[in-house]
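The values are calculated or read from the model by the stated rules, or taken from the named source; none is laboratory data. Because the structure is predicted, anything quoted here is derived from the model rather than measured. We place every Cβ from the backbone using ideal geometry, glycine too, and count neighbours over all the protein chains shown.
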């Protein structure tokens, strides 16, 4: 059961499960499907006078590939501004991005599954599909049993890394949009960072949680 001071809402049952041509609408849907998780990263920029959003899950991607993609898009946009020709935004973006596999998805649930598998999702205002790029990476160390405190029965997982790495280790095991990650700071002086993940599978009065894990 969740503490009284923690409140989450059940994912909405959307009438349309397809990517819409509204960038704001698509971002809102994805954020709500993932419970506004703190490990969802969204970076927006303008390319060929179109607003784009780059979404990924922190800890599941190769940060170098992400930086490389964003840098290439910004540089190409600066170069193309000097030309007066009209270009297709998505096709031009495909040409300048050279990381892993690239595919288009029209289903928002498949798009979220890709996010949780370490893909970079690109959404554009006016697009009716998402551009998905393979940039999987991050810390892939296996979750190991604790060495100092052994148990015969029960869970044997231990988390001794940073908050981001610990969250990613769980994300790799549980690729579900129902895993919601939240972050907060405690202490007036130390500003100590805490993160907790809530996975709920059984609903009763919209407030019943299967498990709550806290990292620090």
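Below is a table of values for the structure above.
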read-out	value
Residue in the stretch 75-86 that is under 25 Å from residue 38 (Cβ atoms), assigned by TED's automatic domain parsing to the domain that holds residue 46, in contact with a strand residue (DSSP E or B) (Cβ under 9 Å, 6 or more places away or on another chain) and not in a loop (DSSP other than H, G, I, E, B) present	no
Single condition residue 64 does not satisfy, out of (1) assigned to a strand (DSSP E or B); (2) at pLDDT below 90	(1)
Of the criteria (1) touching a residue at least 24 places away in the same chain (Cβ under 8 Å); (2) loosely packed, with under 13 Cβ neighbours inside 10 Å, which one residue 79 fails	(1)
Conditions (1) out of contact with any strand residue (DSSP E or B) (no Cβ under 8 Å at 6 or more places or on another chain); (2) not in a loop (DSSP other than H, G, I, E, B); number of the one not met by residue 46	(1)
Selection count, the stretch 48-76, where residues are under 23 Å from residue 21 (Cβ atoms) and buried (at least 19 other Cβ atoms within 10 Å of the Cβ)	7
All helices (runs of 4 or more DSSP H) inside the stretch 89-207 with 2 or more residues being modelled with pLDDT of 85 or more	89-96, 108-116
